[in-house]
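First the structure, in the form of structure tokens, and then the observations on it.
Each value in this text was obtained by applying a stated rule to the coordinates, not by laboratory testing. Predicted model only: the values in this text are computed from it and were never measured. Methodologically, a virtual Cβ is constructed for each residue, glycine included, from the backbone with ideal geometry; neighbour enumeration extends over all protein chains shown.
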Amino acid sequence: MSWQPLLFFRALPPQKQAIAYTLMSIFFFTVMGVFIRKSSENIHIMEVIFFRNFLACLIIIPVMYSSGLASFKMNRPGLFVWRAVFGSIGMFASFVSITLIPLAQATAISFTAPIFITILAFFLFGEVLKFRRVAAIFIGFIGMLIIVQPNVEVISIGVILAFIGAFFHSINSLIVKQLTAKESVNAIVVWMVIMLVPISIVPAIFVWEWPSALTWLYLSCLAFCGTLGHSFFTRAYSLAEITSLQPFQFIQLPMAAFLAWVIFSELPGYWTWVGGIIIFLSTVYITRREAKIKTSKIVNSELLAPK
């Protein structure tokens, strides 16, 4: 099996390939959420996280090894390590949140990642936060409140973890985009799961119990979906800008809502849809605005360049 672009994608331009990979990653990540929930009904979530990474290694390393040792080469190992650290925190938070709150609600909260990316860009890269960006972030924050509907007494720990997961996944997305500039997609995918195995086994040891045959099936499907989702996600980021792909993420909400309804008899509340749409619109505005600003800068630099 080869991890090069699928044959029927090769004739497509890079942007369309990236969109196709994004849609496939969304599908597999959404299905993965179902298997996270099913697996955690039988074993501790810490074990679920470990087996997601361990079984992914069993799936992906033989495949990558067949492509040659060049698949494992790291040009910036420090960045790989940081990605594993932030990725493990994001994985822990998002996995646990899926077991505590409705799947559609967890999915809607995940749409806040682009908002976090914009805020992080301000603090980490010194990007200017002008009025339109601030307004879009504020509108996205309103969407968060609509979904969460906090009362004066308590906010669900599952909701808090979902936001934490979105925050660390936004950091992860920034790192992935940096890595794709100089690293192969194969290396990015392989080293992530390899590094996450020793990180995730430590907490799993303290709650260890051997999975049943049915749970093994769930865990295998979880690892398979996670591996494909991660691979397609990374491939998409290597072909196109994050800003051009973000609007397609919203398809995950109706997909998650449908699966949650069919499998878990969960019907997302009215406010989950309203808040999700508001967050989606604010993130689309942010990503489109960033793309427009970037294009304007490129055009201006070309006009000012010496002839």
(message) If every alpha-carbon in the range 12-304 counts as one equal scatterer, what log10 I(q)/I(0) does Debye give at q = 0.14, 0.17 1/Å?
(response) -1.08, -1.55
(message) Checking the table Lys73/Lys182; Lys16/Lys38; Lys73/Lys177 against a 22 Å threshold on Cα-Cα, which pairs fail?
(response) Lys16/Lys38
(message) Going by average Cβ density within 10 Å per residue, which order do the peptides 266-276, 97-107 take, highest to lowest?
(response) 97-107, 266-276
